[in-house]
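Taking it in order: structure first as structure tokens, then the write-up.
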Amino acid sequence: TSVCLVLADVTGHGMAAAIPVVMFSGILDREMERPSNLAMRFAGLNRSLHRSLDAGKYICFTMAEIDRATKTLHLASCGNPYPLHFHDGELTEVQRDGYPLGVRADTEYAAVEAPLHEGDYLVLYSDGIPEITNGSEEMFGYDRVLATVHEACRDGLSAQDVVVRLLARAREFAGDEPPTDDMTCVALRVAHR
């Protein structure tokens, strides 16, 4: 059996984003029914969205499939900030690039495969977290995201508490400034057996 983590970020806000979100949910649900590898799944999603989305609309998307028996990670991503992998005290960005889904019909996507070990973390997050600004219009930034996640993982927090710490630090940094974009984070910790 496998565990699947996904993070999607649609261009636009409010109702302008709501219709593509509903459309994407249905297309993703259909695509998940088919046996496929990540590269083929992304290509199928991309072709469907390129046909269906209005011009200027696209979806940044990250998907991680984890084989629970072998603890193997398969990950593909396009348009979102690089996912973070914590292993043996070190935090690295899992660098996967590609046009967001729906931009170009012929885009090819590649997946990365990596072993996961007990105590490892995988953290996916949207650009709304590093791009939140404070009263001086300074962004929280990617360096603060990485430092906060690294600290939380070193502290041995639960996956839920890693998310809570990151969002709390970003909101604390912003002070009274409201976020202008969604702030989404998904985390997984490989359990000890």
Checklist outcome for this item: Asserting the computed 222 nm helical MRE of the chain (DSSP H runs at least 4 long, -39500 (n - 2.57) per run, divided by residue count, to nearest 500) equals -11000 deg cm²/dmol
Next on the checklist: Suppose every Lys and Arg Cβ carries +1 and every Asp and Glu Cβ carries -1, with no other charges. What dipole size does the chain come out with about its Cα centre, to the nearest 20 debye?
Outcome noted: 720
Checklist entry - Can you tell me the Rg and Dmax of region 118-166, counting just the alpha carbons, in angstroms? => result 11.8, 41
Checklist outcome for this item: Rounded to whole Å², per residue accessible area for the chain with a 1.4 Å probe reads 52
Checklist entry - Among Asp143, Asp120, what's the order by accessible area (1.4 angstrom probe), most exposed first? => result Asp143, Asp120
Checklist entry - Taking 0.36 nm per intervening residue step and subtracting the Cα-Cα distance, what contour gain separates Asn37 from Glu151 on full extension? => result 37.7 nm
Item to check | Low-density loop cleavage sites - GluC sites (Glu not before Pro) in region 85-168, where at most 12 other Cβ are within 10 Å (DSSP) | outcome: Glu108, Glu118, Glu137, Glu138
Checklist entry - To the nearest 0.05, what FRET efficiency results for Glu118 and Arg30 with a Förster distance of 30 Å applied to their C-beta separation? => result 0.30
Next on the checklist: If you roll a 1.4 angstrom probe over the protein chains with everything in place, what fraction of the accessible area of region 39-109 belongs to carbon and sulfur, to the nearest %?
Outcome noted: 43
Checklist outcome for this item: Rounded to 0.05, the calculated FRET efficiency for the beta carbons of Val3 and Asp161 at R₀ = 25 Å is 0.85
Item to check | Full-stretch length increase - Ala191, Gln95 - with 0.36 nm per residue and alpha-carbon distance subtracted | outcome: 32.1 nm
Checklist entry - Once phi is turned into ³J(HN,Hα) by the Karplus curve 6.51 cos²θ - 1.76 cosθ + 1.60 with θ = phi - 60°, what whole-Hz value does each residue of region 33-42 show in order, with x for glycine and proline? => result 6, 8, x, 6, 8, 5, 4, 5, 4, 4
Checklist entry - So for the chain, what percent of the C-alpha to C-alpha distances run longer than 29 Å? => result 25
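The values are calculated or read from the model by the stated rules, or taken from the named source; none is laboratory data. Source: prediction; values computed, not measured. Here Cβ is always computed from backbone atoms with ideal geometry, including for glycine, and neighbour counts include all displayed protein chains. These area figures cover heavy atoms from the full protein model, side chains too; ligands, DNA and RNA do not enter into them. Shrake-Rupley method; radii C 1.70, N 1.55, O 1.52, S 1.80 Å.
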